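In what follows, a single structure is set out as structure tokens and then discussed.
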Amino acid sequence: MKLIILDRDGVLNHDRDDFVKSADEWVPIEGSMDAVALLTEAGCTVAVATNQSGIGRKYFSMQDLTEMHAKMHRLVQQAGGVIDGIWFCPHTAADNCDCRKPKPGMVRDILARFNADAAETWLVGDSLRDLQAMAAAGGKSALVLTGKGAKTLAEHESELPEDTQVFDNLLAFAQYIVQDGTPSEN
């Protein structure tokens, strides 16, 4: 089983400085739904790992989050893809939980759920904390330049985990995985 873990905001959908707070504000990045379909067709298992501190800050409710994720599932399915699971951390940084990236708790939980080998698993993110969570879990990191990705690369290039791969967007990553034949080889 080939597991690919995706951050949500800035990777699958456009991020907002004031948080994505509703299904109406959840707008997919061009090509991202097709990317999930491409990964699905290649036999990959796709999971989402997302920090959603807007819940802890009371910017939006669990119902709002459920509606955003229902929209995401629907659009991915319309493109021919499947998201096999969504993990989210509702906490703020002040809560000091183990699931909020850059801590690896959420990533480790996903790996355990799918009985996946971290060293053979990719996480695609647009922020340093996404990549740090995967590095701490022992996996492979891919930075996309959508969302906060270009800023992350410009400001933190020397801090990126070793062997981090950089892609223009999620579709470019998916094409790399499919052309390479397996997400377990660089």
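Tell me which residues, restricted to region 1-30, are farther than 18 Å from residue 148 by Cβ and either at pLDDT below 95 or of a type outside the set (Asp, Glu) (or both). Across region 1-30, the qualifying residues are 1, 2, 3, 4, 22, 23. Identify, please: which residue in region 148-158 is open to solvent by 50 Å² or more (accessible area, probe 1.4 Å) and in contact (Cβ under 8 Å) with a residue 12 or more places away in the chain and is, among those, farthest from residue 17 (Cα to Cα)? Restricting to residues being open to solvent by 50 Å² or more (accessible area, probe 1.4 Å) and in contact (Cβ under 8 Å) with a residue 12 or more places away in the chain, the top hit is 156. Consider region 103-130 and keep the residues that are in contact with a Ser or Thr (Cβ under 9 Å, 6 or more places away or on another chain) and over 16 Å from residue 48 (Cβ atoms). The one that is least open to solvent (accessible area, probe 1.4 Å) is 128. In region 44-72, of all residues being surrounded by fewer than 16 Cβ atoms within 10 Å (Cβ to Cβ) and free of Cβ contacts under 8 Å to residues at least 40 places away in the same chain, the one that is farthest from residue 121 (Cα to Cα) corresponds to 58. For region 80-96, a residue qualifies if it is open to solvent by 50 Å² or more (accessible area, probe 1.4 Å) and touching a Ser or Thr at 6+ places or on another chain (Cβ under 6 Å), and the qualifying residues are 82, 84, 88.
For region 164-186, the set of residues classified as touching a residue at least 40 places away in the same chain (Cβ under 8 Å), open to solvent by less than 60 Å² (accessible area, probe 1.4 Å) and part of a loop (DSSP other than H, G, I, E, B) consists of 169, 182, 183, 184, listed by residue number. So is residue 161 touching a residue at least 12 places away in the same chain (Cβ under 8 Å) and either touching a His at 6+ places or on another chain (Cβ under 9 Å) or open to solvent by less than 30 Å² (accessible area, probe 1.4 Å) (or both) or not? Yes; evaluated as a whole, the condition is true for this residue.
Residue 40 meets each of the listed conditions (1) buried (at least 19 other Cβ atoms within 10 Å of the Cβ); (2) closer than 21 Å to residue 149 by Cβ; (3) touching a Gly at 6+ places or on another chain (Cβ under 7 Å) apart from (2).
The values are calculated or read from the model by the stated rules, or taken from the named source; none is laboratory data. Nothing here was measured: the structure is a model prediction, and the numbers come from that model. Cβ: placed from backbone, ideal geometry, glycine included. Neighbour counts: every protein chain shown. The accessibility values were calculated without ligands, DNA or RNA, using every heavy atom of the protein model including side chains. Shrake-Rupley method; radii C 1.70, N 1.55, O 1.52, S 1.80 Å.
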